[in-house]
Amino acid sequence: MTLANADADPDPPIGVLDAREALRRGEARSRALIETALRRIAAAEQLGAFVSVNAELALSEADAADARITATPPGSRAALPALLGVPTAHKDLVAVRGTVTTHGSAAVPHPVAAADDPVAAAVRAAGAISLGKTQVPEFGIAAYSENAIAPPARNPFDPSRSAGGSSGGTAAAVAAGLIPGAIARDAGGSIRIPAAACGLVGLKPGRGSVPADRAPVAAADPEFDGNGAPRMAVSGPIARTALDAAVLYDALLGEPGEPALAAVSLALEHPETLRGLRVGVSLASPFESRMPIRFDADARAAVESGIRALEAHGHRIEEARIAYDPSYPDAFTTVWTAGLSRIAFAPGTEERLDALAGMFLRRARETPRERLLEASGALRSFARSAAEQWGAYDVVLTPALAFAPPRIGGFRELGPEGDYRLQCEWAPQTSMVNVAGLPAITVPTATDPDGIPRGIQLIGRAGSEILLLRLAAQLELARDAPAVRGV
């Protein structure tokens, strides 16, 4: 398997904003963009990014988008849906009308959805056109995207390595230029891990920030689940640039004026307008009470690159002395796996589960409710403590990942216990942000000697999503244009 430089493509990949503006100006047609994306997907089949493609439906929606754009006077097209006619995709955990959902599992049925999940509905309302479903781990429970029903999602920068997870197929598709960008979901790092592994910008918004995430829990407690644990899953963008991530985030919010796009544009044109933030740097991880957490030299070099770039933009860098409750690993794992026990498996189907999901299901069923409630309480306490400690700074900077993406099969060959341990060692600082409910973003800042992107994570205060996108833009100014790798 070899990599081809994007420059060799006679029709180079286009970004989200560029695609949107070209469509509005009449310089491109959605059908052409969709046809190009479909061609690229077919040519990159060995990447494992897509599980299924619905070409006929996508082309039909593209024709409808083209007709709507053509019927709108050029001076009025700014009022069209923000992503009208732009290609995208959804991970194979999300129900999309007219498309099969597998959840990455051979143990459950694979129905064609009659209706969109709330997030898919929001993306559709913004006018984006889904080409199909991208690869995920079984039920989205892992930091890599391999399962028993489809080829693994491979890293476009080294196809022998993982693209991360659970949005690994999405990240691979964006990094390889198959699609301009996408909205994914992050409950423990599922946006940030694959974004970091594939050299992309990945924004995890704060809990409750995205309207579509609030819809399923409107009648319940928006902060805590039925066991009192913090709600962890949120939706956000994966894109090649901060500008494209901002366009996607604005579309997800559905607010007029595109405030994120305006702010990021200003940060790129006048970076001096954002200065003087207090940035705390921390390598501490709540998993270090159970296992050694070691950041390799290239992870540390990415942190140093990020620090230099932020200092050059006038921000103040300090060492953040943060201490985490040692009960976190057990409490998080207990809560993280509890959801599997709520799946209604048909008789005889549980034996089809992968080893990791099978182990998690057994543990979930064996966990007394009292222990689940205790773990939920421990995470609430952790969230308060972490938010208070991080709140001493405007932003907390950590490595995005501890080392380069492991090889395909490298997690699963360790058995379920070793598999989960390696995940925690590789991404030791992502799940804690979900528990705290705060926004965070991963941004590439360096490339290791093997050509693998490395980056940092920035954790913000509540409501700081746009600030994080502005900082990502400043970091981009210190680097060459983001790479696009085609397989």
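Quick notes
- The tail of the calculated P(r) for the range 114-272, taken as Cα-Cα distances beyond 28 Å, holds 21 percent of the pairs.
- The local environment of GLU45, defined by Cβ-Cβ distances under 13 Å, has a net charge of +3 under the rule Lys, Arg +1 and Asp, Glu -1.
- In a simple Cβ point-charge model (Lys, Arg +1; Asp, Glu -1; nothing else charged), the range 135-486 has a dipole of about 240 debye relative to its Cα centre.
- Residue (of GLY202, ALA212, ASN227) at the positive-pole extreme of the range 194-235, dipole from beta-carbon charges: GLY202
- For ARG300, neighbours were defined as the other residues whose beta-carbon sits under 14 Å from its Cβ, and their charges (Lys and Arg +1, Asp and Glu -1) total -2.
- Over the chain, DSSP H runs of length four or greater, each weighted -39,500 (n - 2.57), average out per residue to a 222 nm ellipticity of -11500 deg cm²/dmol.
- Listed residue (ILE441, GLY410, PRO159) projecting farthest to the positive dipole end of the range 135-486, Cβ model: GLY410
- Here the range 371-487 was treated as a single set of alpha-carbon atoms; its pair distances binned every 5 Å from 0 give 2, 10, 16, 17, 18, 16, 12, 6, 3, 1 percent.
- The tail of the calculated P(r) for the range 1-129, taken as Cα-Cα distances beyond 25 Å, holds 31 percent of the pairs.
- Neighbour-count ranking [beta-carbon atoms within 10 angstrom, fewest first] of ASP244, ASP117, ASP325, ASP18: ASP325, ASP18, ASP117, ASP244
- Local electrostatic count at PHE287 - Lys and Arg +1, Asp and Glu -1, tallied over other residues with Cβ under 11 Å: -1
- Between the range 110-144 and the range 241-304, the alpha-carbon center distance in angstrom: 25
- As a rough footprinting exposure proxy, the listed residues THR170, THR70 were ranked by other beta carbons within 10 Å of their own, and the order from fewest upward is THR70, THR170.
- The ranking of THR447, THR273, THR349, THR442 from fewest to most other beta carbons within 10 Å of each one's beta carbon is THR273, THR349, THR447, THR442.
- Between the listed residues PHE287, SER341, SER327, the Cα displaced farthest toward the positive end of the dipole of the range 267-359, a dipole computed from Cβ unit charges relative to the Cα centre, is found at SER327.
- Total charge dipole magnitude, the range 328-487, about the Cα centre, Cβ charges on Lys, Arg, Asp, Glu only, Debye to nearest 20: 300
- Taking a ≥ b ≥ c as the square roots of the Cα gyration tensor eigenvalues, the chain comes out rounded, since a/c falls below 1.5.
- Total charge dipole magnitude, the range 204-270, about the Cα centre, Cβ charges on Lys, Arg, Asp, Glu only, Debye to nearest 20: 180
- FRET efficiency for THR273 and ALA323, using Cβ-Cβ distance with R0 set to 41 Å, rounded to 0.05: 0.70
Read the figures in this text as sums done on the coordinates, not as results from a lab. What you see is a predicted model, and the numbers here were worked out from it, not measured in a lab. With ideal geometry, Cβ positions are generated from the backbone for all residues, glycine too; neighbour counts draw on all protein chains shown.
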